[in-house]
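The values are calculated or read from the model by the stated rules, or taken from the named source; none is laboratory data. None of the values given here were measured: they were computed from a predicted structure. Every residue, glycine among them, receives a Cβ derived from its backbone with ideal geometry; neighbour counts consider all protein chains shown.
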Amino acid sequence: SGSFQCASFGTESDARFVYCASCISYMLQDWRGVDRSLATQFLLSCQSYEGGFGQNTGREAHGGSTFCSVAALKLMGTFDEVMCEERRQRVLSWCLRRQETGFNGRPNKPKDTCYSFWVGSCLKLLGGQDFINKEGNFAFLMTTQDRYMGGFSKWEGYLPDPLHSYFGLSGLY
Amino acid sequence: LLYTIKFEGIMMYAESPEWSDIVPIPLPHNDKDPVVQIMYSDRFKDVYSYMAAIMEKKEYSHRALLLTNDAIECNTANYTVWHYRREILRHLKMDLKEEMEFSASVIEEQPKNYQVWHHRRCLIEMSGDHSLELELTAESLSQDNKNYHAWDHRQWVVQQYNVWDKELEYVDELLALDLRNNSAWNHRYFVIENSEGWSSETVARELEYAASFIRKAPNNESPWNYANGIIKKNKLRYSDFPKLKELCTSLYESHVPSNFVLSTLADIHIEAENKEAAMEIFEEMKEKDSIRVNYWTFRLQQLQGS
């Protein structure tokens with residue numbers, strides 16, 4: 001199908017691992033492990049009617065998989081060729097709608113620290129970083145910072161963890 | 001070094017007579033210079049040192065199956081153990097009914113774990129029995145109606161085994177409970193796309209379906225994404241479906257505060273090459289949707305320049 005699993009004996013396959021495979025191949029400058037054409041077609045099939053990308057064909061558009069798909073297309077070098085202006089506008093505007101102050105990962109879901117990274121950096125990849133309201137994002141991220149322990153949690157008042165701390169920091173850029 | 005400790009009443013493998021034939025393989029660790037040393041509990045170390053030994057030995061026995069129960073309990077995300085468990089089930093030619101129950105109980109406890117859902121998918125592929133899945137996913141979704149794994153599993157079952165017939169009704173039920181459930185809207189699109197397809201009758205019907213929910217909550221993003229998505233994904237024209245424009249216009253004229261009314265109207269005007277009307281809306285959106293002021297300014301400039 002063009003997608004990737006994460007272990008040779010067989011696991012689930014989705015956009016996350018296409019992204020991982022793309023990162024690895026890009027770092028090694030060796031694409032023999034990735035059929036870029038097929039992987040590209042798979043990722044495009046994941047762009048839903050909403051404009052964002054799901055983890056698989058037909059699945060709900062999601063901030064995490066949208067990042068994985070756009071980033072993978074960029075790394076593979078096929079983004080410009082296949083993401084016509086129309087497709088780009090649809091994913092761009094879907095991503096922009098994720099912002100309230102912070103970002104959510106799907107419509108009508110609560111905002112969460114980590115989407116400042118997933119959606120924020122996706123917007124940067126799409127050339128839309130200037131459309132982000134930086135003050136709102138900053139203000140939200142500050143509320144999810146833990147006063148006593150440091151680090152960030154997904155929501156205000158929750159315990160911090162490394163994932164949200166990493167993505168919270170990244171999201172501040 | 002073996003020491004006999006009963007940890008919370010659970011016997012250590014290290015002191016179990018049934019396991020005395022096995023030499024445990026200790027977890028790798030670096031005494032001298034650990035970077036980020038995970039603080040494994042004694043129980044964890046005990047279970048996994050035996051798990052490693054059994055996998056090394058390629059023993060696919062009943063006691064190995066029970067060992068994987070413990071290993072899964074200690075780290076439900078260990079996909080190597082889950083895979084090994086499937087190999088045991090294969091070797092022992094076990095009836096999968098109990099295993100389905102086991103997977104259902106792990107799903108109940110950890111509904112966002114990737115490995116258990118994949119395991120269940122494998123079981124279904126092995127047995128061909130998908131009869132419990134609509135109920136299982138419905139149960140999971142009754143606790144978290146946006147659980148991405150549950151939706152993924154339901155969509156896989158429905159598509160793989162061609163069981164489309166109850167799905168639109170299921171979406172109706174969920175939207176009656178929460179019309180903002182974006183996952184349900186996505187499922188609706190998926191079902192129609194893969195069963196009846198987007199004939200112009202279906203498009204008209206579904207646009208009206210979306211409209212009915214828009215009227216109830218004009219600021220709900222989901223039916224707007226659905227309606228606009230049907231048009232855009234199928235490369236249709238707004239002009240072929242004038243009722244949508246009528247809806248937007250009437251909501252706009254009633255001063256219903258909704259950025260989706262505005263942005264949809266703008267797109268409709270752009271398609272109709274009515275630049276002035278679109279530009280007026282973008283001007284309005286700079287104020288009304290101020291978070292995205294830079295974007296609406298850009299859209300405005302784009303039209304001014306063209």
Please identify the pairs in which a residue from the stretch B:274-292 that is under 17 Å from B:THR249 (Cα atoms) has its Cβ atom under 9 Å from the Cβ atom of a residue that is part of a helix (DSSP H, G or I) and among the acidic types (Asp, Glu), counting only partners at least 6 apart or on another chain.
-> B:ALA278/B:ASP267
Just checking, how many residues over the stretch B:116-138 are assigned to a helix (DSSP H, G or I) and touching a residue at least 12 places away in the same chain (Cβ under 8 Å)?
-> 16
Taking the residues in the stretch A:98-124 that are of a type outside the set (D, E, K, R) and surrounded by fewer than 21 Cβ atoms within 10 Å (Cβ to Cβ) as candidates, determine which candidate is nearest to the other protein chains (Cβ to nearest Cβ).
-> A:ASN108
Look through the stretch A:149-173, keep the residues that are surrounded by 19 or more Cβ atoms within 10 Å (Cβ to Cβ) and of a type in the set (Ser, Thr, Tyr), and return whichever of them is modelled with the highest pLDDT.
-> A:SER153
Kindly indicate the residue of the stretch A:3-24 that is surrounded by fewer than 18 Cβ atoms within 10 Å (Cβ to Cβ) and within 19 Å of the chain's Cα centre (by Cα) and also farthest from A:GLY58 (Cα to Cα) among those meeting that condition.
-> A:ILE24
Only one of A:THR66, A:THR57 is in contact with a Cys (Cβ under 8 Å, 6 or more places away or on another chain), within 14 Å of another protein chain (Cβ to nearest Cβ) and closer than 26 Å to A:GLU135 by Cβ; which?
-> A:THR66
Filtered residues of the stretch B:139-153 (kept if within 11 Å of chain A (Cβ to nearest Cβ) and either in a helix (DSSP H, G or I) or of a type in the set (Gly, Ala, Ser) (or both)) | B:TYR148, B:HIS149, B:TRP151, B:ASP152, B:HIS153
Right, B:VAL157: over 18 Å from A:SER48 (Cα atoms), surrounded by 18 or more Cβ atoms within 10 Å (Cβ to Cβ) and modelled with pLDDT of 95 or more or not?
-> yes
Selection from the stretch A:125-148 of residues that are within 14 Å of chain B (Cβ to nearest Cβ) and surrounded by fewer than 18 Cβ atoms within 10 Å (Cβ to Cβ) | A:GLY127, A:GLN129, A:ASP130, A:LYS134, A:GLU135, A:GLY136, A:PHE138, A:ALA139
Say whether the condition of being within 20 Å of B:MET94 (Cβ to Cβ) and under 30 Å from the mean Cα position of the chain (by Cα) is met by at least one residue in the stretch B:44-66.
-> yes
Just give me the residues in the stretch A:80-97 being crowded, with 20+ Cβ neighbours inside 10 Å and more than 13 Å from chain B (Cβ to nearest Cβ), in sequence order.
-> A:MET83
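Rundown of residues vs (1) more than 30 Å from B:THR137 (Cβ to Cβ); (2) in contact (Cβ under 8 Å) with a residue 24 or more places away in the chain, yes/no style:
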| site | (1), (2) |
| --- | --- |
| B:ARG180 | no, yes |
| B:ASN186 | no, yes |
| B:GLY197 | no, no |
| B:PHE213 | no, yes |
| B:ASN220 | no, yes |
| B:LEU247 | yes, yes |
| B:PRO257 | yes, yes |
Kindly indicate whether any position in the stretch A:94-103 is β-branched (Val, Ile, Thr) and at pLDDT 95 or above.
-> no
Where a residue in the stretch A:25-52 is free of Cβ contacts under 8 Å to residues at least 12 places away in the same chain and within 14 Å of chain B (Cβ to nearest Cβ) and its partner, wherever it lies, is in a loop (DSSP other than H, G, I, E, B) and surrounded by fewer than 17 Cβ atoms within 10 Å (Cβ to Cβ), with Cβ under 9 Å and at least six apart = A:TYR49/B:ASN234
Quick one: B:VAL36 ticks every box in (1) farther than 30 Å from A:ALA15 by Cα; (2) at pLDDT below 95; (3) within 14 Å of chain A (Cβ to nearest Cβ) bar one, so which box is it?
-> (1)
List the helices (runs of 4 or more DSSP H) that sit entirely inside the stretch B:14-115 and contain at least 3 residues that are of a type outside the set (D, E, K, R) and in contact with a Leu (Cβ under 8 Å, 6 or more places away or on another chain).
-> B:42-57, B:97-109
Heads up, the helices (runs of 4 or more DSSP H) in the stretch A:61-173 (entirely inside) with at least 2 residues that are within 30 Å of A:VAL34 (Cβ to Cβ) are A:63-76, A:79-82, A:85-97, A:113-125, A:162-172
State whether one or more residues within the stretch B:45-56 are within 22 Å of B:ALA14 (Cα to Cα), aromatic (Phe, Trp, Tyr) and surrounded by 12 or more Cβ atoms within 10 Å (Cβ to Cβ).
-> yes
